[in-house]
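> Please read through the structure below; I'll follow up with questions.
The values are calculated or read from the model by the stated rules, or taken from the named source; none is laboratory data. Source: prediction; values computed, not measured. Quick reminder, even Gly has a Cβ in these numbers, built from the backbone with ideal geometry, and neighbours come from all protein chains shown.
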Ligand code: ADP
């Protein structure tokens, strides 16, 4: 099994690159943003709770997100591996993920961090807001999300760096160039299937 964390601020391209990676390497995609939006659209109790935080650009409480992830990993016991996209976003989430994977006799092998300058992130997200229909893609909420990233999510990169798992990739080149650089790192662990 090979498990990858795709790391980076809102708008850094994690979703786009995840799509490329999962088809090239036959990995399962776990995006907490997508899972939460699905809960919101189905009006589940979890979704109703999560929406309050998401609409303000704040992180959803750890216990809500961790519970959701655990079930998702169990859904595909024969997976070649997982891409975690938008998770872990706090130190407690990173610790919980380590425990979940240890229980399955596996671990996080690699963390790829997409680096994109802040002015480019805001530009991309405001533009996405005009087409995505996402209620959190307004300039005010975007600024809050980036603040949450610096305060709570950046320390997760330090944690993986201390364990020698973190690699930085420039995320404001073209989609293809960025994917090529990401692949070079992944190829050290896993061969493409396509
Ligand atoms: P982005 O990275 O572009 O902000 P996501 O789709 O990953 O978007 O997440 C959207 C929102 O969902 C976040 O602002 C947050 O409220 C919530 N969310 C997603 N993943 C997590 C997580 N791991 N922990 C807490 N909240 C999360």
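> What's the total number of residues in segment 72-86 that are outside any helix (DSSP H, G or I), in contact with a strand residue (DSSP E or B) (Cβ under 8 Å, 6 or more places away or on another chain) and more than 12 Å from the ligand (Cβ to nearest atom)?
6
> Look at residue 18 and say whether it is within 16 Å of the chain's Cα centre (by Cα) and either within 8 Å of the ligand (Cβ to nearest atom) or crowded, with 20+ Cβ neighbours inside 10 Å (or both).
Details: within 16 Å of the chain's Cα centre (by Cα): yes; either within 8 Å of the ligand (Cβ to nearest atom) or crowded, with 20+ Cβ neighbours inside 10 Å (or both): yes.
Yes, satisfied.
> Among the listed residues 55, 62, 75, which satisfies the condition of being at negative phi and out of contact with any helix residue (DSSP H, G or I) (no Cβ under 8 Å at 6 or more places or on another chain)?
Testing whether each residue is at negative phi and out of contact with any helix residue (DSSP H, G or I) (no Cβ under 8 Å at 6 or more places or on another chain) leaves just 75.
> Can you tell me which of 29, 43 is more than 10 Å from the ligand (Cβ to nearest atom) and in contact (Cβ under 8 Å) with a residue 12 or more places away in the chain?
Criteria check complete, one pass: 29.
> Exactly one condition in (1) more than 16 Å from the ligand (Cβ to nearest atom); (2) more than 16 Å from the chain's Cα centre (by Cα); (3) closer than 18 Å to residue 164 by Cα; (4) touching a residue at least 12 places away in the same chain (Cβ under 8 Å) is not met by residue 102; state its number.
Unmet condition: (4).
> Residue check, residue 11 against (1) in contact with a strand residue (DSSP E or B) (Cβ under 9 Å, 6 or more places away or on another chain); (2) within 11 Å of the ligand (Cβ to nearest atom); (3) in contact (Cβ under 8 Å) with a residue 60 or more places away in the chain, all met but one. Which one?
(1)
> I'm trying to understand the selection: among the residues of segment 46-71, which are near the ligand (Cβ under 7 Å from one of its atoms) and touching a residue at least 60 places away in the same chain (Cβ under 8 Å)?
Passing the criteria: 54, 57, 58, 59.
> Quick check: is even one residue across segment 34-48 under 12 Å from the mean Cα position of the chain (by Cα) and more than 16 Å from residue 185 (Cβ to Cβ)?
Within segment 34-48, one or more residues are under 12 Å from the mean Cα position of the chain (by Cα) and more than 16 Å from residue 185 (Cβ to Cβ).
> Now for a separate question. For segment 167-183, what are the residues that are in contact with a strand residue (DSSP E or B) (Cβ under 9 Å, 6 or more places away or on another chain) and either surrounded by 13 or more Cβ atoms within 10 Å (Cβ to Cβ) or free of Cβ contacts under 8 Å to residues at least 12 places away in the same chain (or both)?
Answer for segment 167-183, where residues must be in contact with a strand residue (DSSP E or B) (Cβ under 9 Å, 6 or more places away or on another chain) and either surrounded by 13 or more Cβ atoms within 10 Å (Cβ to Cβ) or free of Cβ contacts under 8 Å to residues at least 12 places away in the same chain (or both): 167, 168, 169, 171, 172, 177, 178, 181, 182.
> Also: Could you run through segment 78-90 and say how many residues are in contact (Cβ under 8 Å) with a residue 60 or more places away in the chain and out of contact with any helix residue (DSSP H, G or I) (no Cβ under 6 Å at 6 or more places or on another chain)?
Total meeting the criteria: 5.
> Report, ordered by the first and then the second residue, all pairs with beta carbons closer than 7 Å, sequence separation of six or more or different chains, a first member in segment 120-139 that is at pLDDT 90 or above, and a second member that is exposed (fewer than 13 other Cβ atoms within 10 Å of the Cβ).
What qualifies is 126/139.
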